[in-house]
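The values are calculated or read from the model by the stated rules, or taken from the named source; none is laboratory data. Since the structure is predicted, the reported quantities are computational estimates derived from the model, not experimental observations. We place every Cβ from the backbone using ideal geometry, glycine too, and count neighbours over all the protein chains shown.
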Amino acid sequence: MSRSKRPPRVVIDTNLVLSALVFSGGQLGSLRHAWQSEKCVPLISKYTASELIRVLAYPKFKLTAAEQHELLNDYLPYCTTVALPAKPPKAIQCRDINDIPFLHLALVGKADFLVSGDDDLLSLEGDFACPIVTAKDFSLRFLV
């Protein structure tokens with residue numbers, strides 16, 4: 001199936017997923033609506049899912065365990081899980097080593113886009129296997 005016939009496969013960085021879930025009425029509400037209406041297919045790995053679970057538990061969000069579970073249920077069922085190989089592919093150099101698992105996920109999962117608000121990832125645009133775009137750019141291209 002061509003890319004125009006199927007929803008794009010996307011890796012969404014944790015901060016954007018978190019904002020779309022916790023602040024669903026904010027600017028990233030359209031991103032949340034996109035995955036829930038199957039206009040895009042988020043890709044996750046064991047690492048990225050674990051990171052989201054860990055971040056949702058941060059005390060500053062004041063989320064109960066039940067609220068955390070509910071938010072995860074608003075995201076994880078819409079995701080496609082990608083098993084990363086024991087020896088991940090060589091990704092390009094990134095200033096923040098914590099971003100490398102997202103690059104690996106995009107490569108192994110054959111993502112159409114990596115959606116991020118992280119300057120370290122956005123600085124790689126043009127040098128990576130798939131476009132790295134902001135949530136706003138992604139929304140303007142696919143969700144209008």
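Structure summary
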| read-out | value |
| --- | --- |
| Complete set of residues in the range 82-122 that are surrounded by fewer than 17 Cβ atoms within 10 Å (Cβ to Cβ), farther than 25 Å from Trp35 by Cα and touching a residue at least 24 places away in the same chain (Cβ under 8 Å) | Ile92, Arg95, Asp96 |
| Residue match in the range 25-45 (condition: free of Cβ contacts under 8 Å to residues at least 40 places away in the same chain, part of a loop (DSSP other than H, G, I, E, B) and either surrounded by fewer than 11 Cβ atoms within 10 Å (Cβ to Cβ) or of a type in the set (Lys, Arg) (or both)) | yes |
| Members of the range 99-125 found to be within 16 Å of Tyr47 (Cα to Cα) and at pLDDT below 90, listed by number | none |
| Conditions (1) touching a Cys at 6+ places or on another chain (Cβ under 7 Å); (2) at pLDDT 95 or above: number failed by Val55 | (1) |
| Count of the range 1-46 residues which are over 17 Å from Ala106 (Cβ atoms) and either hydroxyl-bearing (Ser, Thr, Tyr) or in contact with a strand residue (DSSP E or B) (Cβ under 6 Å, 6 or more places away or on another chain) (or both) | 6 |
| Any hit, the range 46-54, residues being in contact (Cβ under 8 Å) with a residue 12 or more places away in the chain, touching a Ser or Thr at 6+ places or on another chain (Cβ under 7 Å) and either loosely packed, with under 15 Cβ neighbours inside 10 Å or among the polar types (S, T, N, Q) (or both) | yes |
| The lone exception for Lys136 - which of (1) within 14 Å of the chain's Cα centre (by Cα); (2) within 23 Å of Lys46 (Cα to Cα) it fails | (2) |
| Test: residue in the range 10-24 that is modelled with pLDDT under 95 and outside any helix (DSSP H, G or I) | yes |
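Okay, residues lined up against (1) under 16 Å from Val10 (Cβ atoms); (2) not polar (S, T, N, Q):
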residue: Gln36; (1), (2): yes, no
residue: Pro42; (1), (2): yes, yes
residue: Lys46; (1), (2): no, yes
residue: Ile100; (1), (2): no, yes
